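Asker: The structure under discussion is supplied below as C-alpha cells; questions concerning it will follow.
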C-alpha cells in the first residue's frame with residue numbers, strides 16, 4: 001500500500017495510529033527532538049516549529065479532506081508543533097542545569113491546554129482546513145510557553 005506523503009506527515013509516520021491517546025503519544029515523541037533542536041539554539045527550534053507548522057497545514061488539510069473528516073484524530077503533527085512551541089522558553093533560558101523538570105512542565109501545560117481547549121484555543125480550532133487543525137495546538141503551545149517562561153523566570157521550575 002502506497003501511503004500518501006500528506007498522510008505520513010500528518011500522522012508523524014504512524015505515531016497518530018497508536019490506539020491510545022495519539023496526541024499524547026506524539027507530544028511524548030516530540031520531546032527528545034525538541035531537546036536536540038533547542039540544545040543547538042532556540043532559533044533552530046523556532047525555525048523547526050515554523051517548518052513543521054507549514055508542512056502540517058498542508059498535510060493535515062490534505063489528509064482530512066481525503067478522510068472526509070474535519071480533524072482526524074490520527075493527525076498529530078499539530079501536537080509536535082505545539083509541544084515544540086511550549087518548549088521554546090526552555091531553549092531560550094537554557095535550563096540544562098534544571099534537568100528534566102521544565103520538559104515535564106512544558107508537556108503537562110501543553111497537554112492541559114490542548115485537551116481543555118479554553119478560549120482562544122477553542123476559537124482557533126474552528127478555523128477551516130489544515131489551518132484550523134494546526135491553529136488550536138499552536139495556540140495551546142503559545143499559552144503553555146508563556147506560562148512556562150514565567151515559571152522559569154520566578155524559579156517555580
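Rule-based calculations on the coordinates, nothing more; no lab input. These numbers come from a predicted model, not from an experiment. Here Cβ is always computed from backbone atoms with ideal geometry, including for glycine, and neighbour counts include all displayed protein chains.
Asker: Which whole-number percent gives the relative contact order of the chain, counting Cα pairs below 8 Å spaced six or more residues apart?
Answerer: This gives 27 percent for the chain.
Asker: Helix 129-154 versus the longest principal axis of the chain: what angle, 0 to 90°, nearest 10, using Cα atoms?
Answerer: 10 degrees
Asker: Which FRET efficiency value, to the nearest 0.05, do you get for residue 8 and residue 150 by plugging their Cβ-Cβ distance into 1/(1 + (r/R0)^6) with R0 = 41 Å?
Answerer: For residue 8 and residue 150, the calculated efficiency is 0.65.
Asker: For residue 131 and residue 47 in the same chain, what is the full-extension length gain: residue separation times 0.36 nm, less their Cα-Cα distance, in nm?
Answerer: Once the chain is fully extended between residue 131 and residue 47, it gains 28.4 nm.
Asker: Return the single residue from 19, 102, 32 with maximal mean-square fluctuation; model: Gaussian network over the chain, springs between Cα atoms under 10 Å.
Answerer: 19
Asker: In nm, give the distance between the simple-model label positions of residue 71 and residue 21, each being 7 Å from the Cα along the Cα-to-Cβ direction.
Answerer: That separation, rounded to one decimal, is 1.8 nm.
Asker: Relative to the longest principal Cα axis of the chain, at what angle does helix 77-86 sit, 0 to 90 degrees, rounded to 10?
Answerer: Once rounded, the angle reads 10 degrees.
Asker: Round to the nearest 10 and give me the degree value, 0 to 90, for the angle of helix 22-40's Cα axis relative to the longest principal axis of the chain.
Answerer: Once rounded, one gets 50 degrees.
Asker: In addition: Let me make sure I get this right: for the chain, a, b and c are the square roots of the gyration tensor eigenvalues over alpha carbons, sorted descending. Under 1.5 in a/c it's rounded, otherwise prolate if a/b > b/c, else oblate. Which is it?
Answerer: prolate
Asker: Multiply the residue separation of residue 100 and residue 119 by 0.36 nm, subtract the distance between their alpha-carbon atoms, and state the gained length in nm to one decimal.
Answerer: 3.9 nm
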